[in-house]
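Read-outs throughout are calculated quantities, based only on the coordinates presented, and are distinct from any laboratory measurement. Computed from a predicted model, the values in this text were never measured in an experiment. Positions of Cβ are generated from backbone atoms using ideal geometry, with glycine treated the same way; all protein chains shown enter the neighbour counts.
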Amino acid sequence: MLAILAIGTPAGASQAGGLYLYEIGTRDAGLASAGWAARAADAGTLATNPAGLARLTQPELIVGAQPLYLDLEFDPDENTTVAGSDGDPASWIPSGGLFYARPVNDRWAWGVGVYGNFGLGIDYGTDWVGRYYVDEVTLQALAFQPTLSYRINERWSIGAGIVGLYGVFDQRSRIRNLEPGTPDGRLKIDDEQFEITGNFGLLYEPAAGTRFGLQYLMETKLEFEDNPKFTGIGPLLSQVLENAGLVGAELGLDLTYPNRLILSGYHELDNRWAVMGNLGWDQWSEFGKVDVLVAGEDTTSLTFDRNYEDTWHAAVGAEYRRSAQWRFTGGIAYDSSPVKDRYRTPDMPVGEAWRFGVGAEYRLREGLTISGTYALIWSGDLDMDVDRGPFAGRVSGKYSDTAIHALGLVFNWKY
């Protein structure tokens, strides 16, 4: 059982406020997500509120690059019992989106999008103090979404998308061998899965220039399976793993892609200024309940509760049209933490998140614009203290000035 516990709790990826990303390769990053479900200004609305497609009057293509820089550094304190280096997994992570939308008539519209909106990854290195918990982890999902939208009347629109979710899970850690002086062993668990979920939207326009939108993203389970790969294991530990039934066994990990609700408003003050905002909820308490199945000579089924909590989201932003060529955006958002300090772990060092976004759009010619965005996702200092006993040791300290920097370059064609 000790060996099962040592590998059984799967990792997430570092994204403050949870693993959902608002930065999906659209201009919304320059608003810190404000107006997410109500702007409905371009083809990217199929991801943020499918009902918004019915507002579009021209075929439209969006290509967006959204590289993310993860600024994460762990500083261990005197309570840490494992020798090794500080954790400094800062890295660039590629991301972006591709969206196409086409009106059928004045009522119907369809679209399709490919975008990454879930997860990140961490690589601490093989000698850091928390290597017996995790030294490298990736949990990411790529969404492929065909979408249909219908305009009921001048005020109401509805929309729905079928989301094909391609999930990737890869976790690696070191294992302390029982023979003195023996180098660490290694453990790797990885799998890829494809699941189907839904993205639904409602849009209400009480007057020209004023909109309210509601998005519901439906939960689904990503059911990863793999035979744990042990290498560099000494004879004593090998016997322990054999006795626990883990050598050659199949490990199943069920992770929940959680429910999400976002309510947004958008209002044009005049022909230059517009203001917008969001309120949202993500059900991260369900993501924290992880079903683990170890199938070998004997089958063991466990549920690990990471003590996660649902998160709350709020955002405000503004848009300023300087001229026919230039438009500028800015916004600020807040997401509560899915986990209290005492439950934070090195595989998913998350906390509350403040987002600050700015953006600029330039019209190159009729129907073609280019936009640049920048978003800072700031979580500051995150305390952590985990102790799994002598097998993995105690790792105590804090992540200092935790942040993600999201740069965006977006091309938008209307024809």
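Simple rule: put +1 on each Lys or Arg Cβ and -1 on each Asp or Glu Cβ in segment 2-414, find the dipole, and look at Ser91, Gly121, Phe200; the Cα lying farthest toward the positive end is Phe200.
Rank Val292, Leu148, Gln171 by how far each Cα sits towards the positive end of the charge dipole of segment 2-414 (+1 on Lys, Arg Cβ; -1 on Asp, Glu Cβ) and give me just the farthest. Ranked along the dipole, the leading option is Leu148. Only helices enter the 222 nm calculation for the chain: every DSSP H run of n ≥ 4 contributes -39,500 (n - 2.57), and dividing by all residues gives -1500 deg cm²/dmol, rounded to 500. Ordered by the count of other Cβ atoms within 10 Å of each Cβ, fewest first, Phe99, Phe212 give Phe212, Phe99. Overall form of segment 175-239: prolate. Here a/c, set by the Cα gyration tensor axes a ≥ b ≥ c, is 1.5 or more, and a/b is the larger of a/b and b/c. The fewest-to-most ranking of Ile189, Ile162, Ile377 by surrounding Cβ atoms within 10 Å reads Ile162, Ile189, Ile377. Taking Cα centre as origin and charging only the Cβ of basic (Lys, Arg, +1) and acidic (Asp, Glu, -1) residues, the dipole magnitude of segment 281-392 rounds to 960 debye.
The mean sequence separation of alpha-carbon pairs under 8 Å and at least six residues apart, normalised by the residue count of segment 50-108, gives a relative contact order of 52 percent. Beyond 26 Å in Cα-Cα separation lie the following of the pairs Lys289/Lys340; Lys229/Lys398; Lys188/Lys340; Lys229/Lys340; Lys221/Lys398: Lys229/Lys398; Lys188/Lys340; Lys229/Lys340; Lys221/Lys398. For segment 27-153, DSSP calls about 95 percent of its internal beta bridges antiparallel. For the pair Ala83 and Glu242, the difference between a 0.36 nm per residue extended length and the Cα-Cα distance amounts to 54.4 nm. Given R0 = 25 Å, the distance between the Cβ atoms of Ile162 and Val63 translates into a calculated FRET efficiency of 0.65. Given +1 at the Cβ of Lys and Arg, -1 at the Cβ of Asp and Glu and no other charges, the dipole of segment 2-414 around its Cα centre is 1940 debye to the nearest 20. Computed from the Cβ-Cβ distance with R0 of 45 Å, the FRET efficiency linking Asp127 to Glu154 stands at 0.10. Contact order for segment 2-414, expressed relative to its length and based on alpha carbon pairs under 8 Å spaced 6+ residues apart, stands at 21 percent.
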